[in-house]
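In what follows, a structure is listed as structure tokens, so that the remarks can point back to it.
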Amino acid sequence: MNGKIIGVGLVISGLVAGIAMYWLQLYAFYEPVSFQPGNEIRLTPITSDVPEVIVADNVTGIDATSSPLRFRACFTTPLSQAMLTETYVVYDGAEPLVAPGWFDCFDAMAIGKALETGEAIAFLSEKNINSKTDAAGVVQPSGIDRVVAVMPDGHAYAWHQLNDILKD
């Protein structure tokens, strides 16, 4: 009888731990992102390393302090792909990361397929987005880039991904 009680206790504690882990991964750390002045959607121009604010409407985003890779955003822009490719840095090797299922405007599989087929074009939003300056005043690159993919109809998506600093 004592063995059954211990067994049931182990199963229940494992089930509770599994549910808690699931909830922590998908819900606990995400917060809505505010795209107010100073935190707008930006792209890096071909002629400069300083990102510029672009026209972005209906911006919705999420982020989490638990990881720099959890940022996702969806928006629309009236800027055409042709204009964007002539003005801003195209980002090679863009790979959208999967968002939580409840953030349903961001479908990483569909975005990835659109990038592969050339329907969508990826642009560098900001290189080393979370860089820090050390005590000596030297900028320490984060190894995380913000990428923006734009569809022909103006729908656009942003996410963070590892750059060459962290991939090597």
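Every number in this text was worked out from the coordinates using simple rules, so none of it is lab data. Note that the structure is predicted; figures quoted are calculated from it, not measured. Note that we place each Cβ from the backbone using ideal geometry, even for glycine, and neighbour counts take in every protein chain shown.
Gain in length, Val98 to Thr76, computed as 0.36 nm per residue apart minus the alpha-carbon separation, to one decimal in nm?
Answer, rounded to one decimal: 6.0 nm.
How compact and how long is the chain, expressed as Rg and Dmax of its alpha-carbon atoms in Å?
19.9, 76
For a quick check, take a GNM of the chain with Cα springs below 10 Å and name the residue from Ala120, Ala64, Ala82 with the largest mean-square fluctuation.
Ala82
Between Val8 and Val50, what's the calculated FRET efficiency when r is the beta-carbon distance and R0 is 45 Å? Round to 0.05.
0.15
For the range 48-168, with the dipole built from +1 on Lys and Arg beta-carbon atoms and -1 on Asp and Glu ones, taken about the Cα centre, which of Gly101, Tyr91, Val148 lies farthest toward the positive end?
Checking the options against the dipole of the range 48-168, the answer is Gly101.
May I have the extent of the alpha carbons of the range 68-160 along their three principal axes, as whole Å values ordered from largest to smallest?
46, 35, 22
Mind ranking 108-116, 150-158, 73-81 by how tightly packed they are, going by the mean number of other C-beta atoms within 10 angstrom, highest first?
Ranked from most to least packed, the peptides come out as 150-158, 73-81, 108-116.
Work out from phi, with θ = phi - 60° and the Karplus expression 6.51 cos²θ - 1.76 cosθ + 1.60, the ³J(HN,Hα) of each residue of the range 115-129, listed in order in whole Hz, and give x for Gly and Pro.
5, 5, 7, x, 5, 9, 10, 9, 10, 6, 7, 8, 7, 6, 4
Using helices alone, what [θ] at 222 nm do you get for the chain, with -39,500 (n - 2.57) per DSSP H run of 4 or more residues, divided over all residues and rounded to the nearest 500?
Mean residue ellipticity, 222 nm, calculated: -7500 deg cm²/dmol.
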